[in-house]
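These notes concern the structure reproduced below.
The values are calculated or read from the model by the stated rules, or taken from the named source; none is laboratory data. Keep in mind that this is a model prediction, so the values were computed, not measured. Every residue, glycine among them, receives a Cβ derived from its backbone with ideal geometry; neighbour counts consider all protein chains shown. Accessible surface areas use protein heavy atoms only, side chains included; no ligands, DNA or RNA. Shrake-Rupley method; radii C 1.70, N 1.55, O 1.52, S 1.80 Å.
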Amino acid sequence: MKTDVVIPKLGMTMTHGKVAAWKIGEGEWVDEAQIVLVIETEKVTYDVEAQDSGFLHIIAEPGVSAEVGEAVGELYETKEACQAATAAGGSPSSLPPGSPIPRENRKGVRITPTARKLAEANNLDYTLLKGSGTSNRINRADVEKALAAGPAPVARVQAEVFDGEVIDGKRVKDALPLSGMRAAVAEHMHHSLQVSAQLTTMGEFDVTELINMRNALVKKEAMLGTRITYTDIFAYLVAQVLKEVPILNSSIVGNEIKLWEDINLGIAVSLPEEKYDSGLIVPVLKNVETMTIAEISIKIKELKEKAYTGKLQLDDISGGTFTISNTGGFGKGYAYNTPVISQPQSAIMGIGAFTDRPVVVDGEIVVRPIMNWNLTFDHRAINGAPVGKFLAILNEYIENPYLLMT
């Protein structure tokens, strides 16, 4: 008798997960409720507990994606049964001798762990198969069909013009898998642009008084228990304005526009760079309308630390009603962009770096620190008038931040 270790369904929209790490080795004993596996789904990691006890046979190695409910491991009552399963299937970390599939050929191939295991056990080059599963994933039935059709295809041999991959005459420097966090961001952003009517308006704020306010708060670091950042202040100001213009704190649900009582701000966080690019994740600061600037600062630092160390939970990245993206820390200069809404929210605001620029004040040309901003909103839910009101109030608070203390 055996019990499968499967990819659990952690949320309504979850369709697959990736094996991040096995906490128990091949053939070792596992107690019921013991953490046996760590999976990665979208932007978080999750510890999977064993539903039964037994000796572990690993089907899917770390890095392999599998559909929800699919077995990635097996628990056997006896060590002999586990060893027999291992002998029958081979080690998940190695290919059978003879005609191994070149690693470069396996990049980007979507195949279930059970299908991969069956193909490798029969020396079948699954990269030549066409998948019939979700998103054209190769499943067990596809492999069985190929095996029944005749001799197994052999691995493709490519003539190498140089020591690397060549596509349409172009030499490939490297290949990054569109999986995990990168795939989740790509899918979410593409979906957002498909389902909403997004319009971006752009402008600039004079942040002279905002800088003065921040400098004053920094001097109170010991008293406040935290070093206040511009993101902290901006989150506080946005929350106050959203209370006055609540239509920007809304979502389209069915055939209604739901205005949210809670103001839950998504704060975009860029993760450390990993080979050409960096990850992106948006932790959510809940009920900002009830918090002080110091409380906001402490909570943002806590969420960022969890993001950097991979300890965010699903609750930490869900429930957002409005998002702020601060790109000001990624270099000087003056630039505009069009941030994409995080569904099902109706608006996102991007803010940039402070740049000294000549402006006219009281009829005279003076140099002032100027911050550019970009506000994208869903025109299905929000028209131009409330957007203009939101920006006018926000500009008043930024140029006169002490108004909030009167």
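Put simply, the amide H of VAL48, placed in the peptide plane, has neighbours under 5 Å in VAL36, LEU37, VAL38, ILE39, leaving out anything fewer than 5 places away on its chain.
Quick one: in the chain, what % of C-alpha pairs are over 37 Å apart? Every Cα pair in the chain considered, those over 37 Å come to 40 percent.
Each label was represented as a point 7 Å from its Cα along the Cα-to-Cβ direction; for ASP356 and ALA87 these points are 7.8 nm apart.
Here the 3J(HN,Hα) profile of the stretch 56-70, calculated from phi with Karplus coefficients 6.51, -1.76 and 1.60 at θ = phi - 60°, is 8, 10, 8, 9, 10, 7, x, x, 8, 8, 9, 6, 4, x, 7 Hz, Gly and Pro shown as x. Were the residues from THR15 through ASP206 laid out at 0.36 nm apart, the gain over their Cα-Cα distance would be 64.2 nm.
Remark: the stretch 289-397 carries a charge dipole of roughly 280 debye about the Cα centre, counting +1 on each Lys and Arg Cβ and -1 on each Asp and Glu Cβ. VAL367 sits with roughly 100 Å² accessible to a 1.4 Å probe, with DNA, RNA and ligands left out of the calculation.
A simple charge model with +1 on the Cβ of Lys and Arg, -1 on the Cβ of Asp and Glu and nothing else charged puts the dipole of the stretch 189-338 at about 360 debye relative to its Cα centre. Annotation for the stretch 1-91: GluC sites (Glu not before Pro) lying in DSSP loop with at most 14 further Cβ atoms inside 10 Å of their Cβ are GLU28, GLU32, GLU77.
Computed FRET efficiency, Cβ-Cβ of LYS258 and TYR46, R0 25 Å: what is it to the nearest 0.05?
It comes out at approximately 0.30.
Charge tally for ILE35 (other residues, Cβ to Cβ under 12 Å; Lys, Arg +1; Asp, Glu -1): -3.
Between GLY69, ILE167, ILE111, the Cα set farthest toward the positive side of the dipole of the chain (charges on each charged residue's Cβ, about the Cα centre) is that of ILE167. Ignoring ligands, DNA and RNA, what percent of the accessible area of the chain is carbon or sulfur (1.4 Å)? C and S fraction of accessible area: 53 percent. Heavy-atom accessible area for ASP168, with the other protein chains in place and a 1.4 Å probe, reaches approximately 140 Å².
Spin-label model, LYS23/VAL172: points 7 Å from Cα along the beta carbon direction are separated by 3.6 nm.
Across LEU129, LEU237, LEU303, mean-square fluctuation computed from a Gaussian network of the chain (C-alpha pairs under 10 Å connected) peaks at LEU129. Measuring nothing but how far apart in sequence close Cα pairs (under 8 Å, 6+ apart) lie, relative to its length, the chain scores a relative contact order of 14 percent. Based on DSSP loop calls and a cut-off of at most 14 other Cβ atoms within 10 Å, the longest stretch of the chain free of exposed chymotrypsin sites (Phe, Trp or Tyr not before Pro) is what? It runs 1-161.
For the stretch 234-275, the list of GluC sites (Glu not before Pro) that fall in a loop by DSSP and count at most 13 other C-beta atoms within 10 angstrom reads GLU261. Surface exposure of the chain, expressed per residue as accessible area with a 1.4 Å probe, stands at 53 Å². When the charge dipole of the chain is built from unit charges on Cβ atoms (+1 for Lys and Arg, -1 for Asp and Glu) and taken about the Cα centre, the candidate among LEU178, ILE7, ALA239 whose Cα reaches farthest toward its positive end is LEU178. Taken about its Cα centre, the chain carries a charge dipole of roughly 680 debye when the Cβ of each Lys and Arg holds +1 and the Cβ of each Asp and Glu holds -1. The percentage of C-alpha pairs in the stretch 166-281 whose separation is greater than 22 Å is 62%. Counting only protein heavy atoms and using a 1.4 Å probe, the accessible area of ILE298 comes to about 80 Å².
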